[in-house]
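**Q** One structure follows; several queries about it will come next.
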Amino acid sequence: MTTQQSPSYLLEMLGISKSFPGVKALDKVNLKVRPHSVHALMGENGAGKSTLLKCLFGIYEKDEGDILFLGQPVNYQSSKEALEAGVSMVHQELNQVLQSTVMDNIWLGRYPLKHGFVDHQKMYDETKQVFDELDINVDPKMKMANLSVSQRQMVEIAKAFSYDAKIVIMDEPTSSLTEKEVNHLFTIIKKLKDKGCGIVYISHKMEEIFAVCDEITILRDGQWLIPARWKGWIWMPLSP
Ligand SMILES: Nc1ncnc2c1ncn2[C@@H]1O[C@H](COP(=O)(O)OP(=O)(O)O)[C@@H](O)[C@H]1O
Ligand SMILES: [Mg+2]
């Protein structure tokens, strides 16, 4: 605990507070995510998990606190801005254009161009490359509407990956997956981790947290409880 100091965090959310009329949704909450690690964010419904991440993505304006990414203060105004900086989120309700192809969804808003036209071959090749790297077996030319929920989720993760995301936030990612699909997701999470990403894994399923997470932050009614690190047999508290 004492040996790992300053450059050890990708993302630091420090002392974040946020109130809504009549509710203190977050009261000086911290979330610190290291490279090469999966950080669980736990807490009952209404604990403040989504509010914390909405403060990160500029959807809500925090009342107090600081956010550092790679040690630098940041204040993203939109998820697009965060994504372009390397902070991405795989939402619980997937926000994809079902009538478009897989590769269209991945490159939407930043199509590769050649002589002023969309370079479909480049789009295909680059999508295929990302899929191969993550072991995702989906044809980039397929229509999103023809994919299963888990495949759509994989596409979303591949999109984050294609933006060279350093932080990938997953909000209850397994809620509609079968056991086999969950295992594939865990394999992908491990790959992201090996690449140096920090993953924030929002869940309240204890068995998943034991299976993939290295560290944990627990929220209760907007209050931050001491975080801990899994040591192979016991959760060791981390210093704040
Ligand atoms: N836009 C909002 N307006 C008013 N209250 C809100 C709003 N968003 C969240 N809250 C309140 O903040 C608290 C935390 O909610 P939320 O962050 O959604 O929790 P979680 O994601 O952990 O289930 C709850 O009491 C919720 O009712
Ligand atoms: Mg929520």
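**Q** Just one of (1) outside any strand (DSSP E or B); (2) more than 16 Å from ligand 2 (Cβ to nearest atom); (3) open to solvent by less than 60 Å² (accessible area, probe 1.4 Å); (4) of a type in the set (A, V, I, L, M, F, W, C) trips up residue 38, so point out which.
**A** (1)
**Q** A follow-up question, please. As an exercise: evaluate residue 33 against (1) away from ligand 2 (no atom under 16 Å from the Cβ); (2) assigned by TED's automatic domain parsing to the domain that holds residue 198; (3) out of contact with any His (no Cβ under 6 Å at 6 or more places or on another chain) and give the number of the one condition it does not meet.
**A** So residue 33 meets the others, but not (3).
**Q** In this structure, is residue 41 of a type outside the set (Lys, Arg), within 16 Å of ligand 1 (Cβ to nearest atom), under 21 Å from residue 154 (Cα atoms) and touching a residue at least 24 places away in the same chain (Cβ under 8 Å)?
**A** yes
**Q** From the list 57, 69, which residue is at pLDDT 95 or above and either within 16 Å of ligand 1 (Cβ to nearest atom) or open to solvent by less than 30 Å² (accessible area, probe 1.4 Å) (or both)?
**A** Every option except 69 fails the conditions.
**Q** Can I ask one more? May I ask you to list the residues in the range 41-69 that are more than 14 Å from the chain's Cα centre (by Cα), charged (D, E, K, R) and within 12 Å of ligand 2 (Cβ to nearest atom)?
**A** Residue satisfying the conditions is 44 alone.
**Q** Let me ask something else. In the range 196-237, what count of residues is obtained for those that are open to solvent by less than 50 Å² (accessible area, probe 1.4 Å), out of contact with any Asp or Glu (no Cβ under 7 Å at 6 or more places or on another chain) and in contact (Cβ under 8 Å) with a residue 60 or more places away in the chain?
**A** The qualifying residues number 14.
**Q** Sticking with this structure for a sec: Please list, ordered by residue number, the strands (runs of 3 or more DSSP E) wholly in the range 169-240 having 1 or more residues that are more than 16 Å from ligand 1 (Cβ to nearest atom) and out of contact with any strand residue (DSSP E or B) (no Cβ under 6 Å at 6 or more places or on another chain).
**A** Fully inside the range 169-240 and qualifying: 223-230.
**Q** Restricting attention to the range 175-194, which residues are open to solvent by 10 Å² or more (accessible area, probe 1.4 Å) and either out of contact with any Asp or Glu (no Cβ under 9 Å at 6 or more places or on another chain) or more than 20 Å from residue 36 (Cβ to Cβ) (or both)?
**A** Scanning the range 175-194 gives 175, 176, 177, 178, 179, 180, 181, 182, 183, 184, 190, 194.
**Q** Pairs, please: C-beta under 6 Å, at least 6 apart or cross-chain, first residue outside the structural domain of residue 132 (by TED's automatic domain parsing) and in the range 170-195, second part of a loop (DSSP other than H, G, I, E, B) and surrounded by fewer than 16 Cβ atoms within 10 Å (Cβ to Cβ)?
**A** 171/92; 172/92; 193/36
The values are calculated or read from the model by the stated rules, or taken from the named source; none is laboratory data. None of these values were measured; they are calculated from a predicted model. FYI the Cβ positions are ideal-geometry reconstructions off the backbone, even for glycines, and counts take in every protein chain you see. For the accessible areas, the whole protein counts, side chains as well, though only heavy atoms, and no ligand, DNA or RNA atoms are used. Shrake-Rupley method; radii C 1.70, N 1.55, O 1.52, S 1.80 Å.
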